2 protein chains.
Amino acid sequence: MLKLLHFPLCPYSRKVRLALAEKELEVAAEAIEPWLYRDDLKTGNPAGEVPILEDRSRVICDSNAIVEYLEETQRGHSLLGKESSQRAETRRLIAWFDKKFVHEVTDLIWREKLIKRLRDKATPDSAAVRRGLANIHDHLDYIGHLFDQNHWLAGEQLTLADLTAAAQFSVLDYLGDVPWDKHPAAKLWYAKIKSRPSFRPLLADRLPSIRPVTYYDDLDF
Amino acid sequence: MLKLLHFPLCPYSRKVRLALAEKELEVAAEAIEPWLYRDDLKTGNPAGEVPILEDRSRVICDSNAIVEYLEETQRGHSLLGKESSQRAETRRLIAWFDKKFVHEVTDLIWREKLIKRLRDKATPDSAAVRRGLANIHDHLDYIGHLFDQNHWLAGEQLTLADLTAAAQFSVLDYLGDVPWDKHPAAKLWYAKIKSRPSFRPLLADRLPSIRPVTYYDDLDF
(Lines give C-alpha, C1' and ligand atoms only; values in the text may rest on other atoms or scores of the structure.)
Protein backbone atom coordinates (compact mmCIF):
# COMPACT_ATOMS: atom_id res chain seq x y z
CA MET A 1 0.00 0.00 0.00
CA LEU A 2 1.08 3.60 -0.59
CA LYS A 3 2.22 5.62 2.42
CA LEU A 4 2.06 9.40 2.65
CA LEU A 5 3.78 11.66 5.12
CA HIS A 6 2.05 15.05 5.16
CA PHE A 7 1.24 18.16 7.13
CA PRO A 8 -2.55 18.67 7.15
CA LEU A 9 -2.42 22.43 6.57
CA CYS A 10 0.25 22.30 3.82
CA PRO A 11 -1.14 23.13 0.35
CA TYR A 12 1.35 20.83 -1.42
CA SER A 13 0.42 17.93 0.86
CA ARG A 14 -3.24 18.68 0.22
CA LYS A 15 -2.76 18.60 -3.54
CA VAL A 16 -1.35 15.08 -3.22
CA ARG A 17 -4.11 13.95 -0.83
CA LEU A 18 -6.74 15.23 -3.28
CA ALA A 19 -5.03 13.50 -6.21
CA LEU A 20 -4.85 10.19 -4.32
CA ALA A 21 -8.53 10.44 -3.37
CA GLU A 22 -9.67 11.42 -6.87
CA LYS A 23 -7.77 8.41 -8.22
CA GLU A 24 -9.42 6.28 -5.50
CA LEU A 25 -6.05 4.99 -4.32
CA GLU A 26 -5.69 3.54 -0.86
CA VAL A 27 -3.03 5.25 1.18
CA ALA A 28 -1.79 5.08 4.77
CA ALA A 29 -1.47 8.76 5.62
CA GLU A 30 0.55 10.00 8.56
CA ALA A 31 0.17 13.62 9.64
CA ILE A 32 3.19 15.39 11.14
CA GLU A 33 4.50 18.84 11.86
CA PRO A 34 7.54 18.61 9.57
CA TRP A 35 9.74 21.11 11.46
CA LEU A 36 9.72 18.77 14.49
CA TYR A 37 11.27 15.96 12.44
CA ARG A 38 13.42 17.89 9.99
CA ASP A 39 16.57 15.79 10.43
CA ASP A 40 14.63 12.52 10.23
CA LEU A 41 12.79 13.73 7.14
CA LYS A 42 16.09 14.44 5.41
CA THR A 43 16.87 10.74 5.11
CA GLY A 44 13.78 10.44 2.87
CA ASN A 45 13.81 13.94 1.41
CA PRO A 46 17.04 15.95 1.49
CA ALA A 47 14.90 19.10 1.36
CA GLY A 48 13.44 18.10 4.76
CA GLU A 49 9.90 18.77 3.58
CA VAL A 50 6.59 16.99 3.16
CA PRO A 51 4.75 15.56 1.27
CA ILE A 52 6.74 12.33 0.94
CA LEU A 53 5.18 9.31 -0.76
CA GLU A 54 6.41 5.77 -0.22
CA ASP A 55 5.53 3.10 -2.77
CA ARG A 56 7.10 -0.07 -1.43
CA SER A 57 10.85 0.68 -1.44
CA ARG A 58 10.51 3.81 -3.54
CA VAL A 59 10.48 7.22 -1.90
CA ILE A 60 9.04 10.06 -3.98
CA CYS A 61 9.47 13.68 -2.91
CA ASP A 62 8.00 16.96 -4.14
CA SER A 63 4.30 17.26 -4.80
CA ASN A 64 4.64 17.54 -8.58
CA ALA A 65 7.04 14.61 -8.80
CA ILE A 66 4.48 12.64 -6.75
CA VAL A 67 1.45 13.45 -8.88
CA GLU A 68 3.37 12.81 -12.11
CA TYR A 69 4.54 9.50 -10.61
CA LEU A 70 0.95 8.55 -9.76
CA GLU A 71 -0.07 9.44 -13.33
CA GLU A 72 2.64 7.15 -14.71
CA THR A 73 2.28 4.18 -12.37
CA GLN A 74 -1.32 3.98 -11.13
CA ARG A 75 -4.44 2.96 -12.94
CA GLY A 76 -7.49 5.19 -13.20
CA HIS A 77 -8.31 8.21 -15.34
CA SER A 78 -5.68 10.89 -15.87
CA LEU A 79 -5.80 14.03 -13.78
CA LEU A 80 -3.59 15.83 -16.30
CA GLY A 81 -5.82 15.20 -19.30
CA LYS A 82 -5.48 12.98 -22.34
CA GLU A 83 -4.16 15.19 -25.12
CA SER A 84 -0.75 16.89 -24.97
CA SER A 85 -2.23 20.35 -25.35
CA GLN A 86 -4.69 19.66 -22.52
CA ARG A 87 -1.87 18.35 -20.34
CA ALA A 88 0.18 21.47 -21.11
CA GLU A 89 -2.73 23.67 -20.03
CA THR A 90 -3.11 21.70 -16.79
CA ARG A 91 0.62 22.01 -16.08
CA ARG A 92 0.59 25.75 -16.88
CA LEU A 93 -2.08 26.26 -14.23
CA ILE A 94 -0.34 23.99 -11.71
CA ALA A 95 2.71 26.26 -12.08
CA TRP A 96 0.48 29.35 -11.79
CA PHE A 97 -0.88 28.30 -8.41
CA ASP A 98 2.23 26.57 -7.02
CA LYS A 99 4.63 29.35 -8.00
CA LYS A 100 2.95 32.67 -8.92
CA PHE A 101 0.07 32.38 -6.44
CA VAL A 102 2.35 31.07 -3.68
CA HIS A 103 4.76 33.96 -4.26
CA GLU A 104 2.06 36.65 -4.42
CA VAL A 105 -0.45 35.31 -1.88
CA THR A 106 0.12 32.08 0.08
CA ASP A 107 3.62 32.91 1.30
CA LEU A 108 2.44 36.32 2.46
CA ILE A 109 -0.62 35.09 4.37
CA TRP A 110 -0.36 31.39 5.25
CA ARG A 111 3.38 31.36 5.88
CA GLU A 112 3.18 34.53 7.96
CA LYS A 113 0.05 33.71 9.98
CA LEU A 114 0.23 29.94 10.33
CA ILE A 115 3.76 28.60 9.77
CA LYS A 116 5.53 31.44 11.59
CA ARG A 117 3.23 30.97 14.58
CA LEU A 118 3.44 27.17 14.74
CA ARG A 119 7.09 26.70 13.86
CA ASP A 120 8.79 29.89 14.99
CA LYS A 121 6.39 31.03 17.74
CA ALA A 122 6.61 34.41 16.02
CA THR A 123 4.06 37.02 15.03
CA PRO A 124 3.22 37.68 11.39
CA ASP A 125 4.59 40.61 9.41
CA SER A 126 1.34 42.54 9.04
CA ALA A 127 2.58 44.49 6.00
CA ALA A 128 3.23 41.19 4.20
CA VAL A 129 -0.23 39.89 5.12
CA ARG A 130 -1.82 43.08 3.76
CA ARG A 131 0.05 42.67 0.47
CA GLY A 132 -1.17 39.08 0.21
CA LEU A 133 -4.76 40.12 0.91
CA ALA A 134 -4.48 42.80 -1.79
CA ASN A 135 -2.99 40.39 -4.33
CA ILE A 136 -5.60 37.65 -3.86
CA HIS A 137 -8.29 39.53 -5.80
CA ASP A 138 -6.61 39.25 -9.21
CA HIS A 139 -6.25 35.50 -8.74
CA LEU A 140 -9.90 35.10 -7.74
CA ASP A 141 -10.88 37.10 -10.82
CA TYR A 142 -8.72 34.81 -12.96
CA ILE A 143 -10.37 31.72 -11.48
CA GLY A 144 -13.78 33.24 -12.15
CA HIS A 145 -12.74 34.00 -15.74
CA LEU A 146 -11.53 30.42 -16.34
CA PHE A 147 -14.59 28.93 -14.65
CA ASP A 148 -16.95 31.08 -16.73
CA GLN A 149 -15.38 29.65 -19.90
CA ASN A 150 -15.26 26.00 -18.80
CA HIS A 151 -16.70 23.50 -16.39
CA TRP A 152 -13.36 23.36 -14.58
CA LEU A 153 -10.23 25.55 -14.61
CA ALA A 154 -8.33 23.78 -17.37
CA GLY A 155 -11.29 22.66 -19.48
CA GLU A 156 -14.32 20.41 -19.36
CA GLN A 157 -12.83 17.90 -16.90
CA LEU A 158 -11.58 18.19 -13.35
CA THR A 159 -7.76 18.19 -13.47
CA LEU A 160 -4.77 18.74 -11.23
CA ALA A 161 -5.15 22.44 -12.02
CA ASP A 162 -8.34 22.46 -9.91
CA LEU A 163 -6.79 20.33 -7.17
CA THR A 164 -3.68 22.52 -7.00
CA ALA A 165 -5.67 25.77 -6.85
CA ALA A 166 -8.19 24.36 -4.35
CA ALA A 167 -5.38 23.07 -2.11
CA GLN A 168 -3.86 26.56 -2.01
CA PHE A 169 -7.16 28.34 -1.40
CA SER A 170 -8.25 25.80 1.23
CA VAL A 171 -5.42 26.66 3.64
CA LEU A 172 -6.19 30.37 3.26
CA ASP A 173 -9.88 29.60 3.74
CA TYR A 174 -9.06 27.82 7.03
CA LEU A 175 -7.73 31.19 8.20
CA GLY A 176 -10.78 33.03 6.87
CA ASP A 177 -8.71 35.01 4.38
CA VAL A 178 -10.52 34.38 1.09
CA PRO A 179 -13.04 37.13 0.19
CA TRP A 180 -15.42 34.76 -1.59
CA ASP A 181 -18.39 37.12 -1.51
CA LYS A 182 -16.59 39.65 -3.69
CA HIS A 183 -15.88 36.98 -6.31
CA PRO A 184 -19.08 35.03 -7.00
CA ALA A 185 -17.77 33.02 -9.98
CA ALA A 186 -14.70 31.85 -8.04
CA LYS A 187 -17.01 31.02 -5.12
CA LEU A 188 -19.14 28.80 -7.37
CA TRP A 189 -16.00 26.95 -8.49
CA TYR A 190 -14.83 26.46 -4.91
CA ALA A 191 -18.28 25.30 -3.76
CA LYS A 192 -18.25 22.72 -6.55
CA ILE A 193 -14.86 21.28 -5.65
CA LYS A 194 -15.46 21.58 -1.89
CA SER A 195 -18.48 19.30 -2.17
CA ARG A 196 -16.53 16.43 -3.71
CA PRO A 197 -15.89 13.36 -1.55
CA SER A 198 -12.12 13.82 -2.04
CA PHE A 199 -12.36 17.11 -0.15
CA ARG A 200 -14.03 15.77 3.01
CA PRO A 201 -10.84 14.73 4.87
CA LEU A 202 -9.42 18.22 4.34
CA LEU A 203 -12.53 19.80 5.84
CA ALA A 204 -12.11 17.61 8.94
CA ASP A 205 -8.52 18.78 9.56
CA ARG A 206 -8.04 20.77 12.75
CA LEU A 207 -4.90 22.24 14.25
CA PRO A 208 -4.90 22.08 18.06
CA SER A 209 -3.74 25.67 18.44
CA ILE A 210 -5.43 27.45 15.52
CA ARG A 211 -9.15 26.99 14.94
CA PRO A 212 -10.63 27.43 11.47
CA VAL A 213 -13.26 30.04 10.63
CA THR A 214 -16.81 28.89 11.35
CA TYR A 215 -17.72 28.34 7.69
CA TYR A 216 -14.55 26.36 6.85
CA ASP A 217 -16.35 23.00 6.57
CA ASP A 218 -19.72 24.45 5.52
CA LEU A 219 -20.65 23.42 1.97
CA ASP A 220 -23.11 26.36 1.80
CA PHE A 221 -20.59 29.00 2.87
CA MET B 1 8.92 24.64 -36.86
CA LEU B 2 8.91 25.36 -33.14
CA LYS B 3 9.11 29.00 -32.04
CA LEU B 4 10.47 30.14 -28.70
CA LEU B 5 10.11 33.53 -27.06
CA HIS B 6 12.74 33.92 -24.35
CA PHE B 7 14.86 36.31 -22.33
CA PRO B 8 18.54 35.31 -22.71
CA LEU B 9 19.43 35.80 -19.02
CA CYS B 10 16.29 34.05 -17.66
CA PRO B 11 17.07 30.67 -16.03
CA TYR B 12 13.68 29.20 -17.01
CA SER B 13 14.17 30.26 -20.63
CA ARG B 14 17.66 28.77 -20.53
CA LYS B 15 16.36 25.43 -19.25
CA VAL B 16 14.05 25.23 -22.28
CA ARG B 17 16.82 26.30 -24.72
CA LEU B 18 19.10 23.60 -23.31
CA ALA B 19 16.36 20.97 -23.53
CA LEU B 20 15.59 21.90 -27.16
CA ALA B 21 19.29 21.72 -28.06
CA GLU B 22 19.87 18.41 -26.24
CA LYS B 23 16.90 16.97 -28.12
CA GLU B 24 18.38 18.40 -31.34
CA LEU B 25 15.14 20.16 -32.19
CA GLU B 26 15.11 23.05 -34.59
CA VAL B 27 13.61 26.18 -33.13
CA ALA B 28 13.21 29.79 -34.20
CA ALA B 29 14.20 31.63 -31.05
CA GLU B 30 13.34 35.27 -30.44
CA ALA B 31 15.04 37.09 -27.57
CA ILE B 32 13.10 39.85 -25.79
CA GLU B 33 13.09 41.81 -22.57
CA PRO B 34 9.70 40.56 -21.33
CA TRP B 35 8.82 43.61 -19.21
CA LEU B 36 8.81 45.78 -22.37
CA TYR B 37 6.06 43.64 -23.92
CA ARG B 38 4.12 42.53 -20.86
CA ASP B 39 0.66 43.35 -22.24
CA ASP B 40 1.43 41.74 -25.60
CA LEU B 41 2.80 38.65 -23.86
CA LYS B 42 -0.42 38.25 -21.90
CA THR B 43 -2.31 37.26 -25.03
CA GLY B 44 -0.05 34.19 -25.24
CA ASN B 45 0.67 33.76 -21.54
CA PRO B 46 -1.71 35.34 -19.00
CA ALA B 47 1.21 35.39 -16.53
CA GLY B 48 3.01 37.81 -18.89
CA GLU B 49 6.23 35.81 -18.68
CA VAL B 50 8.67 33.97 -20.91
CA PRO B 51 9.53 31.31 -21.98
CA ILE B 52 6.64 30.76 -24.40
CA LEU B 53 6.81 27.95 -26.96
CA GLU B 54 4.70 27.87 -30.11
CA ASP B 55 4.14 24.58 -31.88
CA ARG B 56 2.04 25.45 -34.92
CA SER B 57 -1.22 26.76 -33.40
CA ARG B 58 -0.42 25.57 -29.89
CA VAL B 59 1.00 27.97 -27.32
CA ILE B 60 2.75 26.35 -24.35
CA CYS B 61 3.67 28.42 -21.28
CA ASP B 62 5.74 27.70 -18.17
CA SER B 63 9.15 26.06 -18.49
CA ASN B 64 8.07 22.77 -16.91
CA ALA B 65 4.91 22.52 -18.99
CA ILE B 66 7.12 23.13 -22.04
CA VAL B 67 9.74 20.47 -21.25
CA GLU B 68 7.04 17.91 -20.34
CA TYR B 69 5.29 18.79 -23.61
CA LEU B 70 8.52 18.23 -25.56
CA GLU B 71 8.94 14.87 -23.78
CA GLU B 72 5.45 13.83 -24.81
CA THR B 73 5.39 15.10 -28.39
CA GLN B 74 8.93 15.10 -29.78
CA ARG B 75 11.13 12.21 -30.79
CA GLY B 76 14.56 11.65 -29.34
CA HIS B 77 15.78 10.23 -26.05
CA SER B 78 14.03 11.23 -22.85
CA LEU B 79 15.57 13.93 -20.68
CA LEU B 80 13.50 12.77 -17.71
CA GLY B 81 14.72 9.17 -17.76
CA LYS B 82 13.06 5.91 -18.71
CA GLU B 83 11.89 4.33 -15.46
CA SER B 84 9.28 5.94 -13.21
CA SER B 85 11.62 6.07 -10.23
CA GLN B 86 14.31 7.73 -12.35
CA ARG B 87 11.78 10.23 -13.66
CA ALA B 88 10.64 10.95 -10.11
CA GLU B 89 14.25 11.64 -9.08
CA THR B 90 14.72 13.99 -12.05
CA ARG B 91 11.51 15.85 -11.20
CA ARG B 92 12.49 16.08 -7.50
CA LEU B 93 15.70 17.85 -8.50
CA ILE B 94 13.95 20.08 -11.05
CA ALA B 95 11.72 21.25 -8.18
CA TRP B 96 14.77 21.65 -5.91
CA PHE B 97 16.47 24.08 -8.32
CA ASP B 98 13.37 25.82 -9.67
CA LYS B 99 11.77 26.40 -6.26
CA LYS B 100 14.13 25.91 -3.29
CA PHE B 101 17.26 27.24 -5.02
CA VAL B 102 15.35 30.11 -6.64
CA HIS B 103 13.86 31.07 -3.27
CA GLU B 104 17.15 30.81 -1.35
CA VAL B 105 19.62 32.03 -3.97
CA THR B 106 18.53 33.14 -7.46
CA ASP B 107 15.80 35.54 -6.33
CA LEU B 108 18.20 37.14 -3.85
CA ILE B 109 21.09 37.65 -6.30
CA TRP B 110 19.91 37.55 -9.91
CA ARG B 111 16.58 39.27 -9.33
CA GLU B 112 18.18 41.94 -7.17
CA LYS B 113 21.27 42.64 -9.28
CA LEU B 114 20.04 42.01 -12.81
CA ILE B 115 16.24 42.23 -13.08
CA LYS B 116 15.87 45.17 -10.70
CA ARG B 117 18.50 47.09 -12.63
CA LEU B 118 17.19 46.31 -16.12
CA ARG B 119 13.48 46.48 -15.44
CA ASP B 120 13.11 48.87 -12.52
CA LYS B 121 16.29 50.96 -12.93
CA ALA B 122 16.72 50.33 -9.20
CA THR B 123 19.67 49.36 -7.03
CA PRO B 124 19.85 45.93 -5.41
CA ASP B 125 19.03 45.30 -1.76
CA SER B 126 22.55 44.48 -0.59
CA ALA B 127 21.32 42.57 2.48
CA ALA B 128 19.32 40.25 0.20
CA VAL B 129 22.35 39.72 -2.06
CA ARG B 130 24.50 38.83 0.97
CA ARG B 131 21.90 36.27 2.11
CA GLY B 132 21.88 34.71 -1.36
CA LEU B 133 25.68 34.55 -1.44
CA ALA B 134 25.66 32.85 1.99
CA ASN B 135 22.98 30.35 0.94
CA ILE B 136 24.69 29.28 -2.29
CA HIS B 137 27.33 27.17 -0.51
CA ASP B 138 24.92 24.48 0.73
CA HIS B 139 23.58 24.04 -2.78
CA LEU B 140 27.06 23.75 -4.28
CA ASP B 141 27.89 21.14 -1.62
CA TYR B 142 24.73 19.24 -2.54
CA ILE B 143 25.65 19.30 -6.24
CA GLY B 144 29.12 18.04 -5.36
CA HIS B 145 27.59 15.27 -3.25
CA LEU B 146 25.26 14.14 -6.06
CA PHE B 147 28.02 14.38 -8.66
CA ASP B 148 30.41 12.33 -6.51
CA GLN B 149 27.82 9.53 -6.43
CA ASN B 150 26.87 9.60 -10.11
CA HIS B 151 27.96 10.73 -13.53
CA TRP B 152 25.22 13.35 -13.51
CA LEU B 153 22.97 14.85 -10.83
CA ALA B 154 20.05 12.43 -11.09
CA GLY B 155 22.00 9.31 -12.06
CA GLU B 156 24.14 7.92 -14.86
CA GLN B 157 22.56 9.96 -17.64
CA LEU B 158 22.27 13.66 -18.28
CA THR B 159 18.70 14.72 -17.41
CA LEU B 160 16.58 17.81 -17.01
CA ALA B 161 17.88 17.94 -13.42
CA ASP B 162 21.30 18.93 -14.79
CA LEU B 163 19.83 21.33 -17.33
CA THR B 164 17.64 23.01 -14.70
CA ALA B 165 20.50 23.40 -12.21
CA ALA B 166 22.95 24.56 -14.88
CA ALA B 167 20.45 27.11 -16.19
CA GLN B 168 20.11 28.58 -12.70
CA PHE B 169 23.85 28.62 -12.00
CA SER B 170 24.66 30.04 -15.43
CA VAL B 171 22.83 33.32 -14.83
CA LEU B 172 24.60 33.72 -11.48
CA ASP B 173 27.89 32.85 -13.16
CA TYR B 174 27.31 35.64 -15.71
CA LEU B 175 27.35 38.00 -12.72
CA GLY B 176 30.45 36.33 -11.27
CA ASP B 177 28.57 35.20 -8.15
CA VAL B 178 29.33 31.47 -8.03
CA PRO B 179 32.31 30.60 -5.76
CA TRP B 180 33.42 27.64 -7.88
CA ASP B 181 36.91 27.44 -6.39
CA LYS B 182 35.52 26.64 -2.94
CA HIS B 183 33.47 23.74 -4.36
CA PRO B 184 35.70 21.65 -6.62
CA ALA B 185 33.22 18.78 -7.17
CA ALA B 186 30.46 21.18 -8.22
CA LYS B 187 32.97 22.94 -10.46
CA LEU B 188 33.78 19.66 -12.22
CA TRP B 189 30.07 19.09 -12.84
CA TYR B 190 29.63 22.60 -14.24
CA ALA B 191 32.74 22.31 -16.44
CA LYS B 192 31.30 19.09 -17.86
CA ILE B 193 27.92 20.56 -18.75
CA LYS B 194 29.40 23.90 -19.85
CA SER B 195 31.45 22.13 -22.52
CA ARG B 196 28.42 20.54 -24.19
CA PRO B 197 27.39 21.92 -27.60
CA SER B 198 23.92 22.72 -26.17
CA PHE B 199 25.56 25.27 -23.85
CA ARG B 200 27.37 27.29 -26.52
CA PRO B 201 24.53 29.68 -27.38
CA LEU B 202 24.15 30.55 -23.69
CA LEU B 203 27.84 31.40 -23.42
CA ALA B 204 27.46 33.78 -26.36
CA ASP B 205 24.63 35.75 -24.72
CA ARG B 206 25.49 39.35 -23.85
CA LEU B 207 23.34 42.06 -22.32
CA PRO B 208 24.12 45.52 -23.73
CA SER B 209 24.21 47.15 -20.31
CA ILE B 210 25.69 44.41 -18.08
CA ARG B 211 28.89 42.65 -19.13
CA PRO B 212 29.61 39.14 -17.90
CA VAL B 213 32.67 38.26 -15.80
CA THR B 214 35.79 37.54 -17.88
CA TYR B 215 35.64 33.76 -17.36
CA TYR B 216 31.91 33.44 -18.20
CA ASP B 217 32.50 31.77 -21.57
CA ASP B 218 35.84 30.17 -20.62
CA LEU B 219 35.62 26.36 -20.59
CA ASP B 220 38.73 26.23 -18.38
CA PHE B 221 37.46 28.67 -15.76
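The values are calculated or read from the model by the stated rules, or taken from the named source; none is laboratory data. The structure presented is a predicted model; accordingly, all values stated were derived computationally and were not measured. Glycine gets a Cβ as well: all are built from the backbone with ideal geometry, and neighbour counts include every protein chain shown. Accessible surface is based on the protein model in full, side chains and every heavy atom, while ligands, DNA and RNA are left aside. Shrake-Rupley method; radii C 1.70, N 1.55, O 1.52, S 1.80 Å.
Observations on the model:
- The residues packed around B:Ser85, meaning those with a beta-carbon under 15 Å from its beta-carbon, carry a net charge of -3 if Lys and Arg are +1 and Asp and Glu are -1.
- Förster radius 30 Å - calculated FRET efficiency between A:Leu36 and B:Asp181 (Cβ-Cβ, nearest 0.05): 0.20
- Listed residues A:Pro124, A:Pro179, A:Pro208, most fluctuating in chain A (Gaussian network, C-alpha, under 10 Å): A:Pro208
- Projecting 7 Å from Cα along the Cα-to-Cβ direction, the label point of B:Thr123 sits 3.2 nm from its equivalents in the other copies, listed shortest first.
- Our summary of shape: the Cα atoms of the protein assembly as shown have principal axis extents of 63, 47, 45 Å, ordered from largest down, in whole angstrom.
- Accessible surface of region A:84-204, 1.4 Å probe, proportion on carbon and sulfur as whole %: 51
- Listed residue pairs exceeding 29 Å between alpha carbons, taken from A:Lys182/B:Lys100; A:Lys99/B:Lys3; B:Lys42/B:Lys82: A:Lys182/B:Lys100; B:Lys42/B:Lys82
- Whole-number percent relative contact order across region B:100-220, with pairs defined as alpha carbons under 8 Å at least 6 apart: 22
- Summed side-chain charge close to B:Asn150 - residues other than B:Asn150 whose Cβ falls under 11 Å, Lys, Arg +1, Asp, Glu -1: -4
- The same position A:Asp218 in the other copies lies at 6.8 nm from this copy, comparing label points 7 Å beyond Cα toward the beta-carbon, shortest first.
- Potential lengthening of the chain between A:Arg75 and A:Lys3 amounts to 24.2 nm, from the contour at 0.36 nm per residue minus the alpha-carbon distance.
- Excluding ligands, DNA and RNA, the accessible surface per residue across region B:84-204 is 39 Å² with a 1.4 Å probe.
- Residue with peak Gaussian network fluctuation, chain B [Cα springs, cutoff 10 Å], from B:Lys100, B:Lys192, B:Lys121: B:Lys121
- In order through region B:62-75: 3J(HN,Hα) via Karplus (6.51 cos²θ - 1.76 cosθ + 1.60), integer Hz, x for Gly, Pro: 5, 4, 6, 4, 5, 5, 5, 4, 4, 4, 7, 10, 10, 6
- Accessible surface buried by the B/A pair amounts to about 2200 Å², both sides summed, 1.4 Å probe.
- In chain B, Cα pairs under 8 Å separated by at least six residues give a relative contact order of 20 percent.
- Calculated FRET efficiency for the pair A:Ser57/B:Ile210, C-beta based, R₀ 51 Å, to 0.05: 0.60
- Inter-copy label distances for A:Lys182: 4.5 nm (label point placed 7 Å from Cα along Cα→Cβ; shortest first).
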